[in-house]
Every structure is written in C-alpha cells, then in structure tokens.
Amino acid sequence: MEAWIEELFSKELLYKAAEAFHTDATNAKKLGDFENYVFEVYRDEVPFILRLTHSSHRTKEEIEGELEWINFLHAGGVDVSLAHTSGTNDLVETFKVADSKFFACLFTKAPGQLVTHKEPAFNEALFQAWGKAIGKMHAVTRLYEPTVRKRGNWYENTEKQVTSFITLESDQEIKDKALQLVTEMKQLPQRNDTYQLIHTDLHNHNFFYHEGKVYAFDFDDASYHYLISDLAIAVYYATWRATEGLGIKERSAYGNDMFAHLLKGYVSENKLSYEVLEWIPAFFRLRDVELYSVFIQKIDLSKADERIKRLVGDIRDRILREELLVELDIEKYKDLLES
C-alpha cells in the first residue's frame, strides 16, 4: 500500500468498519494490504472477510458493481464468497478520513485453503477444477444484466496504469510498446461469446481449494474483458511461479501441460472457439505490461530485495524483446474444443 494511504488507515477505522457489519475486529487477522486492506473478523466466532478500499483505488459505485455481480454468481451456483449487507442493509459502507474515504464490505470466508505451486496438490486435478470454475463463471455471467453498468472496460485501467506509472525516460520504449499492444487488442472482436464481465485476476492466490472445488474471491479487478483472458491469467501465474528463473523452453513445457488440464475443465462448463486461443499470446504480453506498471507503482525498486529486482527485470526484458512467458502449441488443443 502507498505510504500516504497507510498514514490514513487506523485501528479505529478497522473497528468502526467491522462494527458496521456486526462483526468484531478485536482479534482481527490482517490478510493483505497490497491494493486493499483485508482482515479476517468474527461474528459469534464465525470468520468473515472484511475489506477496506481507499477512494483513490475504487469508487463506491465500482465496488457496488463488483458485489452485485458476485452475489449473482453465487445465486447461479458458482463457488464464490457471498457479499453481505451491513446493519443499514448496504453492501458498501463509507468512512470519511481527512479529505478522502474508505469503503468497507464484508464477505463469507471461503472454505478450504490456498494451494501454492510448491505443494503436491498443485496438480492436474486442481488445474482442471480451476478451468471448470472459470468456465462456470463465464457461462452464468452470460445471463447477467446489471442494474447499472458500474464496472469499466479492461483497457481503461491498463491505459491509466501505463501512462501514470511508466514515466521514466529509460522506460519510454516499454510505454510505447504497451500502448501499441492495448490499441491492437482493442480491435479484437467483442461478441457475446468473447467479451463480458470477468474476474480478470483468478490466479492461485485468489481462490481456495476444497474437496476438489475452486472457491474464487478477490474480484476487485473485475472488468469487461475478453473471456480468454481468465484462462491466460491462470496459465501465466501458474507458470511464472512454478518455473521461476527458468528459460522459455522449460516455461513453455510446463505451461502447455497445465493449459491442457485447465482447458479440459473449462469446456466441461462453457464453449470456447478455436479462434480465441490464437489471441492468448497477446494476453501473456498484456499481463507483463500490467505487472510491470503495478511493481513500479507499489514498490520502491531501489529498496527491493534481489529476487523482486530480478523478477521485475525479467518482465522488463520480455516486454522489450516481445518475448512470451509461455509459447503455447495452440494446434494441439483443437481436438479438445471440437470434441
């Protein structure tokens, strides 16, 4: 979290937000503070997830749009964490701090646990369940009609990130390549079967795994986007974490194997055309651009440890060389889509 936002946050704010949702933050566990403050709080010893978002990150309307969609997915049988109303029957509570605001919301805590790439459970069965969860989410969302469209298109945030945070003269080529990539990707066909509201960030740190099912959470980045992006993101993060420090050959071998299982799960819930698989390389490049801009925004690289410097350096080099994290053998998946 940015230092100036840290100065605004307080325990008093946490307690007030928890109280608004009839929960207790006395023994709250801090779970995250990268883009939002996330805590485990309690009601009658039952754990819930309390999230506080600064107004510089999201508007109240954007959060309401996110939560409305989450609860629609839940009602449609998708395994997501239900958003709860407060004591005043609102999904989002507002707290004024200095000249800004924090927005609070409360979620059911998902069952299960996070599975890292180092664990035996990070395997073919999980990959297939992961794909199945994405497929069901996409299928159910086709019926979704928001009361008001409160979530934006993907490129709005990406263009803002790139222009606001990739500002060094030494990064001008990266900025140019990033904006050109976005321009090209905006020309991809936006049809009912290719473009809708999606999670956009469903990597393995944004779901729990329980009894063979994936329970998704952290929909903070939800936007109108190409459906294939959710699959590309899954492959990107699984490969990025599992093959850290390895070359393109090793990364591609891992990514292709993972994608085969992911895709098998996906098509069990939702149809996918072969055409969109050919777009995946662009989405790998896009995630490199987005990650690079986030690292520049959130981290002082001069003070970062050597691992973070190397990871950011690798991303930067891939962008400049237009190298992919993973080279997928798209042709081998054609039969799976047609079966």
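Would you pick out the residues in the range 183-202 that are surrounded by 18 or more Cβ atoms within 10 Å (Cβ to Cβ) and over 17 Å from Pro111 (Cα atoms)?
Met185, Tyr195, Leu197, Ile198, His199, Thr200, Asp201
Quick one: how many residues across the range 241-269 are closer than 18 Å to Gly313 by Cβ, under 22 Å from the mean Cα position of the chain (by Cα) and of a type in the set (Gly, Ala, Ser)? Break it down into steps so the answer makes sense when it comes.
Applying the first criterion (closer than 18 Å to Gly313 by Cβ) to the range 241-269 yields 241, 243-248, 251.
Now restrict to residues that are under 22 Å from the mean Cα position of the chain (by Cα): 241, 243-244, 251.
Still in the running and of a type in the set (Gly, Ala, Ser): none.
Of the residues in that region, 0 qualify.
Going through Ala133, Ala121 one at a time, which residue ends up being out of contact with any Cys (no Cβ under 7 Å at 6 or more places or on another chain), modelled with pLDDT of 95 or more, farther than 23 Å from Glu62 by Cβ and surrounded by fewer than 20 Cβ atoms within 10 Å (Cβ to Cβ)? Exactly one residue qualifies, and that residue is Ala121.
Yes/no matrix, rows are residues, columns are (1) surrounded by fewer than 16 Cβ atoms within 10 Å (Cβ to Cβ); (2) more than 21 Å from Thr158 (Cα to Cα):
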site: Ser293; (1), (2): no, no
site: Lys303; (1), (2): yes, yes
site: Ile308; (1), (2): yes, yes
site: Glu323; (1), (2): yes, no
site: Glu327; (1), (2): no, yes
site: Asp335; (1), (2): yes, yes
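Kindly evaluate Val148 against the criterion of being over 14 Å from His210 (Cα atoms), among the hydrophobic types (A, V, I, L, M, F, W, C) and crowded, with 16+ Cβ neighbours inside 10 Å.
Numbers: over 14 Å from His210 (Cα atoms): yes; among the hydrophobic types (A, V, I, L, M, F, W, C): yes; crowded, with 16+ Cβ neighbours inside 10 Å: no.
Judged against the criteria, Val148 is not a match.
From the list Ala125, Ala121, Ala129, the one residue that fits, being touching a Phe, Trp or Tyr at 6+ places or on another chain (Cβ under 8 Å), touching a residue at least 40 places away in the same chain (Cβ under 8 Å) and assigned to a helix (DSSP H, G or I), is Ala129. Lys11 meets each of the listed conditions (1) surrounded by 15 or more Cβ atoms within 10 Å (Cβ to Cβ); (2) modelled with pLDDT of 95 or more apart from (1).
Being among the acidic types (Asp, Glu) and either in a helix (DSSP H, G or I) or touching a helix residue (DSSP H, G or I) at 6+ places or on another chain (Cβ under 6 Å) (or both) is the filter here, so list the residues in the range 289-320 that pass it. Spell out the reasoning first.
Start the filter on the range 289-320 by keeping residues that are among the acidic types (Asp, Glu), which leaves 290, 300, 305-306, 314, 317.
Result: Glu290, Glu306, Asp314, Asp317.
For the range 68-80, check the following and say yes or no: at least one residue is farther than 23 Å from Ser223 by Cβ and free of Cβ contacts under 8 Å to residues at least 24 places away in the same chain. Within the range 68-80 (the criterion being farther than 23 Å from Ser223 by Cβ and free of Cβ contacts under 8 Å to residues at least 24 places away in the same chain), the answer is no, since none of the residues qualifies. Look at Arg241 and say whether it is touching a residue at least 24 places away in the same chain (Cβ under 8 Å), crowded, with 18+ Cβ neighbours inside 10 Å and basic (Lys, Arg). Here the answer is no, as Arg241 does not meet what is asked.
Report yes if Ala129 is closer than 21 Å to Asn36 by Cβ and under 20 Å from the mean Cα position of the chain (by Cα), otherwise no. Against the criterion (closer than 21 Å to Asn36 by Cβ and under 20 Å from the mean Cα position of the chain (by Cα)), Ala129 does not qualify. Restricting Glu278, Glu269 to residues that are over 28 Å from Lys175 (Cα atoms) and in contact (Cβ under 8 Å) with a residue 24 or more places away in the chain narrows the list to Glu269. Taking every residue in the range 294-307 that is over 17 Å from Asp33 (Cβ atoms) and pairing it with any residue that is surrounded by 11 or more Cβ atoms within 10 Å (Cβ to Cβ), at least 6 positions away or on another chain, the pairs with Cβ-Cβ distances below 6 Å are Ile296/Phe165.
Which ones in the range 136-195 are within 17 Å of Tyr292 (Cα to Cα) and in a loop (DSSP other than H, G, I, E, B)?
Let us first name the residues in the range 136-195 that are within 17 Å of Tyr292 (Cα to Cα), namely 154-182.
Ile166, Thr167, Leu168, listed by residue number.
Out of all the residues in the range 244-259, which are small (Gly, Ala, Ser) and surrounded by fewer than 18 Cβ atoms within 10 Å (Cβ to Cβ)?
Filtering the range 244-259 for residues small (Gly, Ala, Ser) gives 245, 247, 252-253, 255.
Correct list: Gly245, Gly247, Ala253.
Here are some residues: Ile296, Ile315, Ile308. Which one is within 29 Å of Glu275 (Cα to Cα) and of a type in the set (A, V, I, L, M)? Going through Ile296, Ile315, Ile308 in turn, the sole match is Ile315. For the range 269-283, the condition holds for at least one residue, the condition being that it is in contact with a His (Cβ under 8 Å, 6 or more places away or on another chain) and within 23 Å of Ala129 (Cα to Cα).
The values are calculated or read from the model by the stated rules, or taken from the named source; none is laboratory data. Since this is a predicted model, take the numbers as computed values, not measurements. Neighbour counts run over all protein chains shown; Cβ positions are idealised from the backbone, glycine included.
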